[in-house]
Amino acid sequence: MSRLDVCETLDGIKFPGHLHTRESLQLALKFAFQDTDIVIATYPKSGTTWMQQMVTLISTKGDPHMSQTVPNWARAPWLEHHYCAALVNTLSPPRVLTTHLPHRMLARALQGSKARVIYVSRNPKDVVVSFYHFHKMANFLPDAGSFQDFLNTFLEGTVHFGSWFDHVKGWTSQLGAMTNLLHVTYEEMSMDFEGSLVKVSSFLQCPLVDEEVNSCARHCSFGSMRDNKMINCSLIPHEILDHSKGSFMRRGKVGDWRNMLTEEQNEHFDRVLVEKMRGCSLGFVWEDPAQR
Ligand code: A3P
């Protein structure tokens with residue numbers, strides 16, 4: 001399935017037709033979750049693949065075999081992608097599922113379910129920079145234009161996958177209401193990987209011994225993931241992801257936005273952030289002192 005120029009729109013949000021069909025999106029909305037399911041929910045470029053890797057390694061107690069032999073999309077399929085229906089019933093419990101859908105689209109399907117949901121967020125300035133670079137490679141996403149153009153579209157919330165602000169507010173507003181929801185940030189994974197690993201493994205009731213923690217950390221490192229074909233997108237053909245225009249495993253840093261946003265863009269971003277996140281108590285980590 002190619003459909004590189006097709007865009008599917010659902011509930012005002014655009015999705016690339018290469019991965020989504022009208023039918024696959026509709027199926028996701030009424031997905032039959034099992035109580036043993038583990039769901040990784042993210043806005044794109046927030047650490048999705050990193051969390052897929054962490055969860056895979058937790059479930060194998062640090063044994064890297066599965067993460068080195070099965071592509072991430074096959075071991076933790078996106079439930080809104082067109083191939084999910086055929087794949088999902090071949091997964092043995094606990095199934096690991098991924099989604100970029102906003103909470104409101106899955107609220108009904110998740111209601112009453114004991115599926116455990118891990119929501120990963122990342123500071124939005126690093127998200128927009130990472131997303132911009134990804135648009136330049138991904139032939140199934142629209143032409144990003146200049147960074148200024150892309151930034152405007154991102155701040156307006158009209159990029160593919162919808163508004164980052166609504167996505168983060170929607171999922172994190174459920175933190176009190178859903179007992180089976182864990183929030184993890186890209187920044188905490190970056191600054192305290194082992195702490196995040198322990199947090200996620202306890203949430204999944206899958207405690208690890210020191211040796212297993214060390215193995216998970218090793219195989220979740222940026223370098224190890226960059227060299228792992230099952231994760232680094234190098235198996236995706238050039239006509240879909242143009243590898244001459246960048247790499248999926250690009251920088252992997254907290255605060256890379258400082259290399260891209262001008263002072264003026266940054267000030268404008270801050271004003272929009274305050275406006276759009278009004279009433280939301282989340283704080284953001286904009287840089288890692290250790291990476292300065
Ligand atoms: P950058 O483009 O800033 O490098 P997603 O999986 O949600 O699409 O997110 C991709 C982003 O996560 C990319 O960010 C990628 O480099 C980063 N990433 C993936 N694995 C990582 C790891 N092990 N350590 C740090 N960053 C990682």
Taking the range 215-246 as the region of interest, how many residues are in contact (Cβ under 8 Å) with a residue 40 or more places away in the chain and surrounded by 14 or more Cβ atoms within 10 Å (Cβ to Cβ)? 14
Residues that are within 16 Å of the ligand (Cβ to nearest atom): which helices (runs of 4 or more DSSP H) entirely in the range 79-173 hold 2 or more of them? 124-137, 147-156, 164-172
Within the range 185-204, take every residue that is touching a residue at least 60 places away in the same chain (Cβ under 8 Å) and hydroxyl-bearing (Ser, Thr, Tyr) and give me the one that is farthest from Pro124 (Cα to Cα). Ser201
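Condition check ((1) at pLDDT below 95; (2) among the hydrophobic types (A, V, I, L, M, F, W, C); (3) surrounded by fewer than 19 Cβ atoms within 10 Å (Cβ to Cβ)) across all residues:
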{"residue": "Arg22", "(1), (2), (3)": "no, no, yes"}
{"residue": "Lys61", "(1), (2), (3)": "no, no, yes"}
{"residue": "Pro77", "(1), (2), (3)": "no, no, no"}
{"residue": "Thr90", "(1), (2), (3)": "yes, no, yes"}
{"residue": "Thr98", "(1), (2), (3)": "no, no, no"}
Members of the range 116-165 found to be among the acidic types (Asp, Glu) and either in contact with a helix residue (DSSP H, G or I) (Cβ under 6 Å, 6 or more places away or on another chain) or buried (at least 21 other Cβ atoms within 10 Å of the Cβ) (or both), listed by number: Asp126
Test each condition in (1) within 27 Å of Met66 (Cα to Cα); (2) of a type in the set (Gly, Ala, Ser); (3) buried (at least 20 other Cβ atoms within 10 Å of the Cβ); (4) under 16 Å from the mean Cα position of the chain (by Cα) for Gly252 and report the one that comes out false. (3)
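The values are calculated or read from the model by the stated rules, or taken from the named source; none is laboratory data. No experiment lies behind these values; they were computed from the predicted model shown. Cβ atoms come from the backbone with ideal geometry, glycine included; neighbour counts cover every protein chain shown.
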